[in-house]
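These notes concern the structure reproduced below.
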Amino acid sequence: MGCLGSKQKISKVDLEYLKKHTRYDEATIKEWFKGFRQDCPSGRLTPAKFVDMYKMFFPNGNAEEFCDHVFRTFDRDKNGFIDFKEFLCAIDVTSAGTPNEKLQWAFRMYDVDGNGSIDLQEMTKIVQAIYDMLGNSSSSRPPDTAEERAKSIFARMDENGDGKLTEEEFLKGCLQDEELSKMLSPGF
């Protein structure tokens, strides 16, 4: 992939790709690359390293389950690690993306089996992972259980009552409810 190997310089191909597919300029991309290579000298962010990084942001909870879902969504080519291009594209969407782009990304995270829709079991799994990440003592953790919250969210979004959420239903439901949108895309 261009950023593998011993040299500590981003390839021209990767640089051009990232300039075209993110909101970052060349200097910013090079700065991100330098930091990425310091944290991941091999050019590969592993699941274990990803969890360690996330734990710094959520020290009171168990971030591992949530990280599994986030990692799966970042690892676009499904090769078991995140390279610099995947990393920066994901950072771009989750930090600088439009509300719609962030929610499209969140939809891919909730669609655990990748079939293009979210069922109640998938929704519950991710909401539980979010609750676990927040920890029991967190003031930002809602008072209801993950199952109750998932059922409530699901009932509000499943407009046609077919037991699954399309991306359109998910986006519409989130964009109409700011609290729901924040809950479903934590940390972004």
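The values are calculated or read from the model by the stated rules, or taken from the named source; none is laboratory data. The structure presented is a predicted model; accordingly, all values stated were derived computationally and were not measured. Every residue, glycine as well, gets a Cβ built from its backbone with ideal geometry; the counts of neighbours run over all protein chains shown. The accessibility values were calculated without ligands, DNA or RNA, using every heavy atom of the protein model including side chains. Shrake-Rupley method; radii C 1.70, N 1.55, O 1.52, S 1.80 Å.
Things worth noting here:
- Scanning segment 94-118 for residues that are without any contact (Cβ under 8 Å) to a residue 40 or more places away in the chain and under 10 Å from the mean Cα position of the chain (by Cα) yields a total of 1.
- Meets criteria (among the hydrophobic types (A, V, I, L, M, F, W, C), at pLDDT below 90 and in contact with a Lys or Arg (Cβ under 6 Å, 6 or more places away or on another chain)) for ALA106: no
- Here ALA106 passes the criteria (1) crowded, with 20+ Cβ neighbours inside 10 Å; (2) farther than 19 Å from ARG76 by Cβ; (3) of a type in the set (A, V, I, L, M, F, W, C) except the one numbered (2).
- Take the conditions (1) part of a loop (DSSP other than H, G, I, E, B); (2) touching a helix residue (DSSP H, G or I) at 6+ places or on another chain (Cβ under 7 Å); GLU147 misses just one of them, which is (1).
- Residue within segment 54-64 that is free of Cβ contacts under 8 Å to residues at least 12 places away in the same chain and either buried (at least 19 other Cβ atoms within 10 Å of the Cβ) or more than 18 Å from SER95 (Cβ to Cβ) (or both) present: yes
- Flag if GLY43 is in a loop (DSSP other than H, G, I, E, B), open to solvent by less than 60 Å² (accessible area, probe 1.4 Å) and under 26 Å from LYS9 (Cβ atoms): yes
- Scanning segment 73-88 for residues being open to solvent by 60 Å² or more (accessible area, probe 1.4 Å) and in contact (Cβ under 8 Å) with a residue 40 or more places away in the chain gives a total of 0.
- Residues that are polar (S, T, N, Q) and under 25 Å from THR28 (Cβ atoms) within segment 62-91 comprise just one, THR73.
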